[in-house]
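Written out below as structure tokens is the structure these notes cover.
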Amino acid sequence: MKILIYPHEILSTKAEPVREINGQLQSFIDKMIAKMYKAEGVGLAANQVGAPIQVMVMDVTPSEEGPHPVVLLNPVITETEGTATHEEGCLSVPNYSAKITRPARVEVKAYDRHGREIRLEGEGLLSRCLQHEIDHLQGICFVDRLSPLKKSLFRKKWAKIRPLEEEEVKK
Ligand code: ZN
């Protein structure tokens, strides 16, 4: 499993909803969770590993509390409130971060890996991670949310620092 590097067409592809939960999906989810921890990310969307299906994994708990992976299938933002601006980065855009303004609080409806409906709501890192990963599933990368000026600065910088190909995150 490799993490795709921006810009890759699958990163800008809207993911298809999961319609069937089977053994193949479970093992894919397990691989995504392992990849997220190996890459030291707080979230990972299936697009980022080359599969445009609506699966995301995240763990926003402090690492000293041990792993608490959360798996969301077909997540939808059902409510937002306020705005907050915070620095964001992405495993598909290594060595780059930028301030992004998003709703401060969100409510999300999704399904867990067993197909049970779950609802999550929160602010701070939880809210930001949910929005960032749900964006990926819609084919949106956080750099797509930069202002036109910042985006042109990003493009210049990225042309110099971007890895030349999809690469396995080494750690
Ligand atoms: Zn990302």
Check: Is there a residue in segment 24-35 that is within 22 Å of GLU117 (Cα to Cα), free of Cβ contacts under 8 Å to residues at least 24 places away in the same chain and not hydroxyl-bearing (Ser, Thr, Tyr)?
Finding: yes
Note to self: Every residue in segment 37-70 that is touching a Ser or Thr at 6+ places or on another chain (Cβ under 8 Å) and either without any contact (Cβ under 8 Å) to a residue 24 or more places away in the chain or of a type in the set (D, E, K, R) (or both), please.
What the structure shows: HIS68
Check: Can you name the condition, by its number, that ILE21 falls short on among (1) assigned to a helix (DSSP H, G or I); (2) more than 16 Å from the chain's Cα centre (by Cα); (3) of a type in the set (Val, Ile, Thr)?
Finding: (1)
Check: Going by the structure shown, is VAL93 within 15 Å of the ligand (Cβ to nearest atom) and in contact with a Cys (Cβ under 9 Å, 6 or more places away or on another chain)?
Finding: yes
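Values quoted throughout were computed directly from the atomic coordinates according to the rules given, and no laboratory measurement underlies them. What you see is a predicted model, and the numbers here were worked out from it, not measured in a lab. Note: ideal-geometry Cβ built from the backbone for every residue, glycine included; neighbour counts use all protein chains shown.
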